[in-house]
1. Quick one: how many residues across the range 114-140 are surrounded by fewer than 24 Cβ atoms within 10 Å (Cβ to Cβ) and within 21 Å of L30 (Cβ to Cβ)?
2. Under 7 Å between Cβ atoms, which residue pairs at least 6 apart in sequence (or on different chains) link something in the range 245-267 that is within 17 Å of F333 (Cα to Cα) with a partner that is assigned to a loop (DSSP other than H, G, I, E, B) and among the aromatic types (F, W, Y)?
3. With (1) surrounded by fewer than 14 Cβ atoms within 10 Å (Cβ to Cβ); (2) assigned by TED's automatic domain parsing to the domain that holds V39; (3) farther than 30 Å from V117 by Cα as the list, and L167 as the residue in question, which single condition is left unmet?
4. From the list E234, E229, which one is in a loop (DSSP other than H, G, I, E, B) and not polar (S, T, N, Q)?
5. Condition check: in contact with a strand residue (DSSP E or B) (Cβ under 8 Å, 6 or more places away or on another chain), of a type in the set (D, E, K, R) and either outside any strand (DSSP E or B) or not assigned by TED's automatic domain parsing to the domain that holds D142 (or both). Does K297 satisfy that?
6. Just checking, which of F37, F31, F93, F73 is modelled with pLDDT of 95 or more, within 19 Å of R201 (Cβ to Cβ), among the hydrophobic types (A, V, I, L, M, F, W, C) and outside any loop (DSSP other than H, G, I, E, B)?
7. With touching a helix residue (DSSP H, G or I) at 6+ places or on another chain (Cβ under 9 Å), under 25 Å from V95 (Cα atoms) and among the charged types (D, E, K, R) as the only criterion, which of E166, E178 stands out?
8. Scan the range 167-196 residue by residue and report those that are among the β-branched types (V, I, T) and either over 20 Å from D237 (Cα atoms) or part of a helix (DSSP H, G or I) (or both).
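The values are calculated or read from the model by the stated rules, or taken from the named source; none is laboratory data. Everything numeric here is computed off the predicted structure, so don't read it as measured data. Every residue, glycine as well, gets a Cβ built from its backbone with ideal geometry; the counts of neighbours run over all protein chains shown.
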Amino acid sequence: MWTRAAVRALARTRLNCRLASSCGPPWRLLFFGSDYFAVESLKRLTSSRSSIGGLVESLEVVTLSGDVPVKRFAQQNQLPVHSWPPDDVEGRFDVGVVVSFGCLLHEGLINKFPYGVLNVHPSLLPRWRGPAPIVHTILHGDTVTGVTVIQIRPHRFDVGPILNQELHQVPEDCTADELGAALASKGAHLLIDTFMTLPERIAQKREQRQTGATFAPKITPSMSWLAWEEQTCEQVDRLYRAIGSQVPLRTTWMGRTIKLLDFVGKCHISLSDARRKPVPGSVSYQKESSTLAVCCKDGWVGFKAVLLKKRLTATDFYNGYLHQAPQGAAARFGEASPASGGSWW
């Protein structure tokens, strides 16, 4: 009867033998990915495969069911595609590559790759482990982020040792989509750089530090609810740039949910009655700029359109609803808004 320790020792011996027999490129790769962020790395690997003296000998793809971007790219470029979970892996690949895949690889599968499985993650790990690091980078106002290549470990996401890492300055006022595109490109280049000297990088890998770890949970609809009395103009701005392209910002008006569209940032407005201090959530239509200005904790932010029954410009909303409504609560957003499930600030 084999003990667990004996099995592990045998596995290490076999791994060392395989590493000794294959100590450099070109690599036989199995790529795991799904979305557009992953496609950028797959493109770079595909280009390297086709170039003379490239890093990649063979490249096959594992992706999720459905019409996902990675599957479309693989099919368009005649890459073999496997469904998840893959079979027939033993002895066919040197390295696995995981980029924005969303599924944990079990230990038995990881051990089938002599050089393990690499992961490209769009943050400076251990900061922003989890499924939405780019969103939380914007949401929390980080000025510096980056990409990290790690070796994955079974059972947990984003905790493996670091093989390569590169910083990236977060441009002022950029959106999560813009930052994601930049980090996808940088991550793809970092992956290629890692493969050029993979054995040496594995030998010099470093464990992630215990301090500074943060978690980046996935986007949920509850994140989009605005709390005018709690959030500053800057926080509303970050929230819009972080999730606005995926989940419209929401508030309530006369007991109805209203989605706020086409955010234009902080507004400087003049009120007709300067003696009254505006209450957070107060709405003022700015005719000269065709903007709905809403009062936050420390100022005003503007939107050019809303979605009620249908999409309305700020002017249409004012003429059709706000201008005709009774004075008082009707001129204020956010009263009796649904519970947001906790503050993000």
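1. Total satisfying the criteria: 4.
2. If the second residue must be assigned to a loop (DSSP other than H, G, I, E, B) and among the aromatic types (F, W, Y), the pairs left are T251/F333; T252/F333; W253/F333.
3. The single condition L167 does not satisfy is (3).
4. Answer to the check: E229.
5. no
6. Answer to the check: F31.
7. None of the other options fit; the residue is E166.
8. Result: I192, T194.
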